[in-house]
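S.K.: To start, I am sharing the structure in question, which I have written as structure tokens.
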Amino acid sequence: MKQLITASILTFMLLCRTAWAQQELMLHFLENIPQTNVTNPAFLTDKKWMLSLPSFAFNYGNNAFAYNDLIGKNIRGANFADIDYVLNKLGNKDNILQNQLNVDLLRYQIKIGNVFLTASLSENLSVKFNYDKELIDFFWNGNAGYIGKTVKLAPDLRAVYFREIGVGVGYDFGRLKLGLRGNVLEGLADLTTTKGNALVYTNEDDYAITLYTDYLINTSEIPNFLDDPLVNALSFKNLGFAVDAGASFELEKWKVNASFNNLGFINWKNNVINYANTKVYTYDGLELDNYLQSGNVSFKGLLDTLEATFSPTKTETAYRSRLVPQSYFSIFYYPNANMKAGALVFGEWTNTFLPAYSFFVSNQFADFFSLGVSYSVKNKTYNNVGLSTVFNFKKFQIFAVSDNFVNTINPKSARNINFRWGINLQFYD
């Protein structure tokens, strides 16, 4: 069992590193690039029009442990999965492992008087895994520590891949700027737990184990996407809609900003499979003689019993999934023409409010170059030092930004990794 748990954790970490994740903070402060419009639709550059070439944003977050915490070395110097060490670092509740990848295929902005029009096309892939400490502890150390207690084993999992086509409008009232963006969403693949209860109770008198399950897992397009992702990507059968709204108000050397993003949903109708199970089963003990064959232990009978108990009912009922809403509240201060400082409170609105905080300062060292540094508190970590660079030339700009610059170049010791980079074509008239 311990080998199985070790393999499962390693496999899931690999899945998240290849499936990706996103939670951008420092991008919010870069007002002179069009990508900052992602965080607040009221953030609009002063260029006549801008066209963004494909850019990439990546974020990995683990609020409990880093890769190097999991991988230890034994007395012979060989690597092994140190689950006991990781258990000491887990919180009792809300351990979150998440990844997102955003690929901006196209982003366009044009200014007509005081009106700003924007259009964008992007690919979004997200995985979020939320689990309690007792899930890992129970499978790793057994039920000895949970006699007379109920253990929750089912984690919450959300994995979704969707395309986003956005059209936005902004208006400059002078001190006040307002922005609104509507997004048509095309759902390409989804796997979501909407009910996830799997409880285990060990009786303190006779040690009988009672298992209670009440879960529902919704999936859509998983087989087709794995077999032929290109055909699936052009299906346009799982449609949704989302709205982003923002405002920015200037007052002398200050600017106050607020935005709410990802207020939307996707209707999943194509190739839907729902897996549901609601059962109660009590084990009064195992008669090992039933599983002994020719002096060897055979678990076939036990596995057949478990399969019959937990085998889910499959249906094909369409469902709706909601995006994870995000909020940005920030204040900027401009002490002079070249320097800028700011503070941000970011939030994700899942079952609970998950906040992050960031502080930023930047300086324009020349007409064509600016450098920024940030410090962020996110995912229960306090060592997130970010870095941003923007090179502005006459007809184009190049930028790179990371919330965790040191972590990005040393990923095995990191619990958060974040970066975005891209090239924009720009014209003033």
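The values are calculated or read from the model by the stated rules, or taken from the named source; none is laboratory data. From a predicted model like this one, the values you see are computed outputs, not experimental measurements. Cβ: placed from backbone, ideal geometry, glycine included. Neighbour counts: every protein chain shown. Quick note on the areas: whole protein, heavy atoms, side chains included, nothing else; ligands and nucleic acids left out. Shrake-Rupley method; radii C 1.70, N 1.55, O 1.52, S 1.80 Å.
S.K.: Stretched out fully, how many nm does the piece from Ala78 to Lys394 gain, at 0.36 nm a residue minus the Cα gap?
M.R.: 108.3 nm
S.K.: Could you give the accessible area per residue of segment 105-193, probe 1.4 Å, as a whole number in Å²?
M.R.: It amounts to 41 Å² per residue over segment 105-193.
S.K.: Figure the gain on full extension for Met339 and Val385 (residue separation times 0.36 nm, minus the Cα-Cα span) and round it to one decimal in nm.
M.R.: Answer, rounded to one decimal: 14.7 nm.
S.K.: List the residues whose amide H sits under 5 Å from the amide H of Asn238, counting only those 5 or more places along or on another chain, with H placed 1.01 Å from N in the peptide plane.
M.R.: Gly187
S.K.: Under a plain spin-label model, where a point goes 7 Å from the Cα along Cα-to-Cβ, how far apart in nm are Phe249 and Leu263?
M.R.: 1.8 nm
S.K.: Test of the criteria: in segment 130-185, which chymotrypsin sites (Phe, Trp or Tyr not before Pro) are in a DSSP loop and have at most 12 other Cβ atoms within 10 angstrom of their Cβ? List each step's numbers first, then the result.
M.R.: Values: sites: Tyr131, Phe138, Phe139, Trp140, Tyr146, Tyr161, Phe162, Tyr171, Phe173; in loops: Phe173.
Answer by residue number: Phe173.
S.K.: Quick one: how many Å² of Met339 are accessible to a 1.4 Å probe, rounded to 10?
M.R.: For Met339, solvent-accessible area is about 70 Å².
S.K.: Restricting attention to segment 346-429, which chymotrypsin sites (Phe, Trp or Tyr not before Pro) occupy a DSSP loop and are surrounded by at most 15 other Cβ atoms within 10 Å?
M.R.: Loop-located and lightly packed - Phe368, Phe393, Tyr428.
S.K.: Using the beta-carbon distance between Ile409 and Glu316 and R0 = 51 Å, what value does 1/(1 + (r/R0)^6) give for FRET efficiency, to the nearest 0.05?
M.R.: Taking R0 as 51 Å, the efficiency between Ile409 and Glu316 is 0.65.
S.K.: For Val103 and Leu199, compute 0.36 nm times the residue count separating them, minus their Cα-Cα distance, and round to one decimal in nm.
M.R.: 30.6 nm
S.K.: How many angstrom lie between the C-alpha centres of segment 353-413 and segment 64-125?
M.R.: 16 Å
S.K.: OK, next. Count neighbours as other Cβ atoms within 10 Å of each site's Cβ, and list the trypsin sites (Lys or Arg not before Pro) in segment 32-81 that are DSSP loop with at most 12 such neighbours.
M.R.: Answer by residue number: Arg76.
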